[in-house]
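See below for the structure under consideration.
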Amino acid sequence: MQIFKKISAVILVFLLTLSIAGCANTRYMLTVDGEQIPAGVYLYYALNVYTDAVDNIQGQQATFNPLKKADVENAVFNGQPLLDYVQDKAIEGVLGYVASMREFKRLGLSLDEESQTKMEDYTNLFWNEFDKNLQKNGISKASISKIIKVMYYNQEIFNSYYGEEGSKGIRDVDLRKFYIENNARVKYLAFNYLSYTGETLIGDAKQEVQDLAKDYAEQIKAGTDFEAVRSEYNSVSESKSVSYSSYSQSVSVSESEAVAATETDPETGETLGTSTTTTTEETVTTTTVAVTTESVTTTLQEGLTITDNSDTASVATTTTTTTNVATTTTEKYANEIIFTKVTTAEVETPDIEIEGGVTTTTQAPSYTPNKDVHDAIFAQDKYDIPFTVDSSTASYLIVRYDISERMTEDDLWTEATIDETRVTAYQKAFLDEMENLYKTYNTERNESAFARYVPWKFEIEETV
């Protein structure tokens with residue numbers, strides 16, 4: 001099944017997702033408003049949904065055999081018989097495909113020559129890598145080409161609604177407000193609950209670390225620069241010869257001694273930076289639009305990515321943003337990190353990230369460095385005021401700054417960030433628009449085709 005995880009991480013990033021049309025012969029699975037939709041389009045969605053569901057079931061039931069008819073017929077996934085689940089989600093995927101094709105035409109949109117070339121190149125690249133696995137499951141290159149085309153269509157449709165000159169009239173001030181409300185500009189320092197020998201501190205020793213973090217907070221309030229505190233703490237920590245008690249009472253380290261010092265975050269194991277070096281890391285993120293609350297990001301070739309926030313429908317756009325990583329514009333902003341707010345209590349995360357018919361498992365969202373710090377940062381409504389947070393493994397010294405000060409075109413407020421913010425802010429509204437389209441469709445199943453293309457007949461590779 002590894003092959004289809006690769007497939008979803010690549011292609012699915014471009015479809016909307018929903019249903020298909022039926023016919024009497026098995027070349028068609030469904031008809032939508034009388035239009036026959038190629039079986040290969042449905043099968044692509046069904047194969048990915050089935051592969052992911054099987055992965056999840058096998059993770060819980062080691063004896064489950066996806067090639068055994070009885071096992072598949074008796075399996076239950078996400079509260080539904082597995083066969084029903086796969087068919088329902090695949091049909092939803094096709095409906096999204098149909099909705100995207102029709103809306104693109106209705107709006108009179110077109111792809112420029114560059115997009116056409118990229119679309120064709122990617123279709124060939126994808127097909128050359130996965131053709132054997134796709135063909136043996138009834139999926140042709142023509143069907144793959146249609147699915148990839150929908151991804152490009154979705155981008156254009158979204159832009160026609162919510163783009164800079166879109167019909168919805170989105171203003172820059174609205175995007176800025178959304179970005180400020182959902183991102184935080186921060187510096188933080190982690191004080192590990194570890195002795196210089198690596199032993200976990202408890203009791204009074206742990207309290208000394210917490211008190212030390214609070215003492216540094218007071219120093220910053222009194223005018224000490226955050227980076228001077230970072231340098232001092234890191235330098236003494238690296239010496240591995242000073243107890244926390246004596247450290248808090250008498251430590252005195254010159255700035256020159258601290259230049260090469262680094263700090264490691266106890267939650268993530270990441271190096272957070274030095275007093276003279278800035279860590280920069282840029283992540284490429286795609287936004288999508290989805291119906292529910294899951295959030296998954298997949299990356300395509302040439303930076304084309306998508307975040308699927310729904311288990312039924314999503315829209316892809318290409319964006320680049322720096323989130324949850326240290327940023328470096330000038331020395332003034334050394335070691336600052338831009339945090340993005342986590343807005344869901346839990347997320348539905350598919351192992352195979354497909355646009356339509358996403359099979360999901362529920363798990364806790366990921367926080368950097370942890371939920372306590374995340375929640376405290378976004379609860380802090382005052383800037384430039386140091387505060388501390390005590391977690392299970394460390395105490396954190398944190399300062400939140402006014403992010404609007406860095407929202408310039410040569411710093412945080414780049415075209416890429418604006419595009420990503422636009423999609424994140426209006427993805428739910430977009431999906432509502434698309435859902436209103438496909439809910440009106442008249443869909444008929446081709447029962448002969450459904451009887452022929454049953455999931456247990458899919459040929460899937462075992463996970464390595």
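The values are calculated or read from the model by the stated rules, or taken from the named source; none is laboratory data. Values in this document were obtained by computation on a predicted structure and should not be read as measured data. We place every Cβ from the backbone using ideal geometry, glycine too, and count neighbours over all the protein chains shown.
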Test result for THR388, surrounded by 19 or more Cβ atoms within 10 Å (Cβ to Cβ), modelled with pLDDT of 95 or more, out of contact with any helix residue (DSSP H, G or I) (no Cβ under 7 Å at 6 or more places or on another chain) and under 30 Å from ARG230 (Cα atoms)
no
Identity of the residue in segment 213-238, hydrophobic (A, V, I, L, M, F, W, C) and either touching a residue at least 40 places away in the same chain (Cβ under 8 Å) or in contact with a Pro (Cβ under 6 Å, 6 or more places away or on another chain) (or both), that ends up surrounded by the fewest Cβ atoms within 10 Å (Cβ to Cβ):
ALA228
Of the listed residues (VAL173, VAL209), the one being aliphatic (A, V, I, L, M) and more than 29 Å from ASP372 (Cα to Cα) is VAL173
State all residues of segment 35-56 that are at pLDDT 90 or above and either farther than 22 Å from GLN135 by Cα or of a type in the set (Lys, Arg) (or both); if no residue qualifies, say none.
GLU35
Residue set ARG400, ARG406; condition surrounded by fewer than 20 Cβ atoms within 10 Å (Cβ to Cβ) and in contact (Cβ under 8 Å) with a residue 12 or more places away in the chain; output residue ARG406
So is GLU73 of a type outside the set (Ser, Thr, Tyr), surrounded by fewer than 16 Cβ atoms within 10 Å (Cβ to Cβ) and either in contact with a strand residue (DSSP E or B) (Cβ under 9 Å, 6 or more places away or on another chain) or assigned to a helix (DSSP H, G or I) (or both) or not?
yes
Only residues that are crowded, with 19+ Cβ neighbours inside 10 Å, under 23 Å from TYR28 (Cβ atoms) and not charged (D, E, K, R): list them for segment 144-159, please.
ILE144, ILE147, ILE148, VAL150, MET151, TYR153
Within segment 420-434, is there a residue that is surrounded by fewer than 18 Cβ atoms within 10 Å (Cβ to Cβ) and among the polar types (S, T, N, Q)?
no
Do you know which residues across segment 397-441 are touching a Ser or Thr at 6+ places or on another chain (Cβ under 8 Å), hydrophobic (A, V, I, L, M, F, W, C) and assigned to a helix (DSSP H, G or I)?
ALA416, VAL423, LEU431, MET434
Please verify whether segment 182-191 includes one or more residues that are under 30 Å from LEU107 (Cβ atoms) and out of contact with any Gly (no Cβ under 7 Å at 6 or more places or on another chain).
yes
So GLU444, is it more than 26 Å from the chain's Cα centre (by Cα) and outside any helix (DSSP H, G or I):
yes
Show the residue pairs that are 6+ apart or on different chains and have beta-carbon atoms under 8 Å apart, the first residue being within segment 94-109 and within 13 Å of LYS149 (Cα to Cα) and in contact (Cβ under 8 Å) with a residue 60 or more places away in the chain, the second being of a type in the set (Lys, Arg) and in a helix (DSSP H, G or I).
TYR97/LYS146
Considering only segment 83-100, I want to know if a residue exists there that is touching a Pro at 6+ places or on another chain (Cβ under 8 Å), part of a helix (DSSP H, G or I) and modelled with pLDDT under 95.
yes
The number of residues in segment 160-200 that are over 30 Å from SER115 (Cα atoms) and buried (at least 16 other Cβ atoms within 10 Å of the Cβ) is 13
Tell me which residues, restricted to segment 139-196, are of a type in the set (Gly, Ala, Ser), closer than 30 Å to ALA90 by Cα and touching a residue at least 60 places away in the same chain (Cβ under 8 Å).
SER140, ALA142, SER143, GLY163
State whether one or more residues within segment 351-372 are modelled with pLDDT of 95 or more, touching a helix residue (DSSP H, G or I) at 6+ places or on another chain (Cβ under 8 Å) and surrounded by fewer than 19 Cβ atoms within 10 Å (Cβ to Cβ).
no
